[in-house]
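Below: the structure, in C-alpha cells.
The values are calculated or read from the model by the stated rules, or taken from the named source; none is laboratory data. What you are looking at is a predicted structure, and each value in this text was computed from that prediction instead of being measured. Here the Cβ is made from the backbone with ideal geometry for all residues, glycine too, and neighbour counts use every protein chain on show. Surface areas here come from the heavy atoms of the whole protein model, side chains and all, with no ligands, DNA or RNA. Shrake-Rupley method; radii C 1.70, N 1.55, O 1.52, S 1.80 Å.
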Amino acid sequence: MRPLPRFRSLALPLVLGLASWAAQAASVAFDKSAFDAAVRAGKPTAVQFHADWCPTCKAQAPVVAALLAEPQFKDLTLFIADYDKESALKKDLKVTQQSTFVVFKAGKEVGRSTGQTSKAAVAEVLGKAL
C-alpha cells in the first residue's frame, strides 16, 4: 500500500502536463481580437462556423480533433465561431452556411470548404494554412 501515494504524487504532474499539451493542440472559441491578431500576424489560422444543431458540424468535430492532434497541425490556430451568433463575422467573410472552414495563411484567405466530413478533405483545406 505504500507505493500508491507515491504513484499519485507522480501521476498528478503527468496528467497536468498531458492536459496542458492537449489544450495547446485544441481549437479555441472565436474571439474577434485574438482572431484579428492571428490573421494580421500572418499565423496559420482557420475559422470553423459551427452550429450545435448541425449534423454535419457534429460529424466534423471528431475529424477536426484528430487532425489537430497530429504534429503537422501544431502551429494552426482553429477558431470555432458560433454560426448562429457571429453574424458580423459571417458577413465579413461572406459565409452563408454552417460547417464552413475559412483558412488563412500569411494574412490572406487561402481556402474554404463547406460540408466536408472526410479526414482527407478537412486535412486538405486546413493544410492550406501551413
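Below, the figures for the structure above:
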{"item": "Positive minus negative residues near L130 (Lys, Arg vs Asp, Glu; Cβ under 10 Å)", "result": "+2"}
{"item": "Rounded accessible area of D36 (nearest 10 Å², 1.4 Å probe)", "result": "50"}
{"item": "Ranking by accessible area, most exposed first, for V102, V28 with a 1.4 Å probe", "result": "V28, V102"}
{"item": "Charge tally in the Cβ shell below 15 Å around Q116, where Lys, Arg are +1 and Asp, Glu are -1, Q116 excluded", "result": "+3"}
{"item": "Computed E for E124/L93 - FRET, C-beta separation, R0 22 angstrom, nearest 0.05", "result": "0.70"}
{"item": "Inter-probe distance in nm under a simple model that places probes 7 Å from Cα toward Cβ, at D52 and A37", "result": "2.8"}
{"item": "Amide H partners (placed H, <5 Å) of I80, local residues excluded", "result": "V28, A29, F30, Q48"}
